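I have placed the structure first, in the form of structure tokens, so that the comments after it can refer back to it.
Only the coordinates and a few stated rules stand behind these numbers; no lab work does. On a predicted model such as this, the values are computed, not experimentally measured, just so you know. Here the Cβ positions follow ideal geometry from the backbone for every residue, glycine too, while neighbour counts run over all protein chains shown.
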Amino acid sequence: MAEITKQDVKEIIVGALEPFAKAVQGDFQEIKTQLTSVEGRLTSVEDRLTSVDGRLSVVESELKEFRENASELFAKLDKFITLYEKQELETRSLANQMARLEERVSRLETK
């Protein structure tokens, strides 16, 4: 029988492992492609979230401005209501005074 050399063992092992190594490389390439696709989608999601964050910042700023304006509006409205109540009180007072004057004139005219 012929003797098996190190070279023969190497060729047998390489011959047996080479198809497996190529298959593993193919699988890794497919995984790399899928990861690249996932990375692209994640970048897209990140960009959208950045955009949403920017828009929320604008909304937050506008809401703060609205609250400040609403506060100012309510303060002015309170002043207006106070003036209206004061005017109403003065109108009643003048109406009562007018009624007393009319009554007085009426009494004077009947004398």
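A compact table of results
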{"item": "From Leu94, Leu77, Leu17, residue being surrounded by 10 or more Cβ atoms within 10 Å (Cβ to Cβ) and under 32 Å from the mean Cα position of the chain (by Cα)", "result": "Leu77"}
{"item": "Residues satisfying the stated conditions in the stretch 79-111, i.e. basic (Lys, Arg) and part of a helix (DSSP H, G or I)", "result": "Lys79, Lys86, Arg92, Arg100, Arg104, Arg107"}
{"item": "Residue check for Val58: under 22 Å from the mean Cα position of the chain (by Cα), in a helix (DSSP H, G or I) and of a type in the set (A, V, I, L, M, F, W, C)", "result": "yes"}
